[in-house]
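So the structure is just underneath, and the comments pick up after that.
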Amino acid sequence: MRAKQMLATMSHEIRSPLSGVVSMAEILSNTKLDWEQRQLLDVMLSSGDLVLQIINDILDLSKVESGCKSILVNYIKTNFNYLESNLEVAYD
């Protein structure tokens, strides 16, 4: 259990500064850049987003394994039911 808590804590500690870097890169993307700079920035943004997604997945997994599983299952069921009802309305 300690390892899972440590992993969750580390993930939170990494996510905050990484979110700052990605946010600043998004601001930079709204400035005038040449083609090569734009290409490099696109790689930076996509890489940062992928790392953030991995961190979020780790945090989600640690929540599920720490006993929040029922909350997650209820959330998924609620969203699925909402999606299902909207699909029924759209195709009726």
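General remarks:
- Per-region count, the range 1-28, residues among the hydroxyl-bearing types (Ser, Thr, Tyr) and surrounded by 14 or more Cβ atoms within 10 Å (Cβ to Cβ): 1
- Considering the range 36-78, the residues that are modelled with pLDDT of 70 or more, of a type in the set (Asp, Glu) and surrounded by 12 or more Cβ atoms within 10 Å (Cβ to Cβ) include one that is farthest from SER11 (Cα to Cα), namely ASP42.
- In the set LYS32, LYS4, only one residue is at pLDDT 65 or above, basic (Lys, Arg) and in contact with a helix residue (DSSP H, G or I) (Cβ under 6 Å, 6 or more places away or on another chain); that residue is LYS4.
- Among the residues of the range 6-50, those that are within 23 Å of LEU61 (Cβ to Cβ) and either in contact (Cβ under 8 Å) with a residue 24 or more places away in the chain or among the aromatic types (Phe, Trp, Tyr) (or both) comprise LEU7, ALA8, SER11, HIS12, ILE14, ARG15, LEU18, SER19, VAL22, GLY48, ASP49.
The values are calculated or read from the model by the stated rules, or taken from the named source; none is laboratory data. Treat the numbers as computed from the prediction; the structure is a model and nothing was measured. Virtual Cβ from ideal backbone geometry, glycine too; neighbours counted across all protein chains shown.
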